[in-house]
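Structure record follows, encoded as structure tokens.
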Amino acid sequence: MIPRPARSSEPTSAEAGAWADVLVRCRLLHSAVLTPTGQWLVQDQPDGPVQVLTGPADVVELAATIQHRFRSTRTDSR
């Protein structure tokens, strides 16, 4: 596996919003909502627990984790 290069800057709210939108549209998350405080509420399943993410970096990290899990599962099934 090729290691990810280090980021040169912190993720922005716009980047986090784009990733959240993609994850929901691709049905990898049930919902992701930005709160007025800058926190994100995410839910894997409609009846699942709500996870509170503290900011954009956590959303981007969640997207990377889901993407890694998805890719490794897909690779194993080939």
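The values are calculated or read from the model by the stated rules, or taken from the named source; none is laboratory data. Computed from a predicted structure; not experimentally measured. Note: ideal-geometry Cβ built from the backbone for every residue, glycine included; neighbour counts use all protein chains shown. The area values use the complete protein model at the heavy-atom level, side chains included, leaving out ligands, DNA and RNA. Shrake-Rupley method; radii C 1.70, N 1.55, O 1.52, S 1.80 Å.
How large is the accessible surface per residue of the chain, computed with a 1.4 Å probe and reported in Å² as a whole number?
For the chain, the solvent-accessible area averages 75 Å² per residue.
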Taking a label point 7 Å from the Cα of residue 35 along Cα-to-Cβ, the residues of segment 51-74 whose backbone nitrogen sits under 11 Å from it are 51-55
In the chain, taking the dipole from +1 charges on Lys and Arg beta carbons and -1 charges on Asp and Glu beta carbons about the Cα centre, the listed residue (34, 54, 23) farthest towards the positive end is 23
Contour minus Cα-Cα span, residue 10 to residue 73, at 0.36 nm per residue, comes to 19.8 nm
Here the Cα Rg-to-2.2 N^0.38 Å ratio for the chain is 1.15
The ³J(HN,Hα) series, computed from each phi in segment 29-35 with the Karplus coefficients 6.51, -1.76 and 1.60 at θ = phi - 60°, rounded to the nearest Hz and given as x for glycine or proline, is 9, 6, 7, 8, 10, 7, 8
Diffing segment 46-51: the Karplus 3J(HN,Hα) column from phi (6.51, -1.76, 1.60, θ = phi - 60°), in whole Hz with x for Gly and Pro, holds x, 9, x, x, 8, 9
For the chain, whose charge dipole is built from +1 on Lys and Arg Cβ atoms and -1 on Asp and Glu Cβ atoms, the candidate among 45, 11, 73 with its Cα farthest towards the positive end is 73
Computed for the chain: size of charge dipole around the Cα centre, +1 on C-beta of each Lys and Arg, -1 on C-beta of each Asp and Glu, debye to nearest 20, value 400
Expected sort for 23-35, 40-52 on mean C-beta neighbours within 10 Å, highest first, is 23-35, 40-52
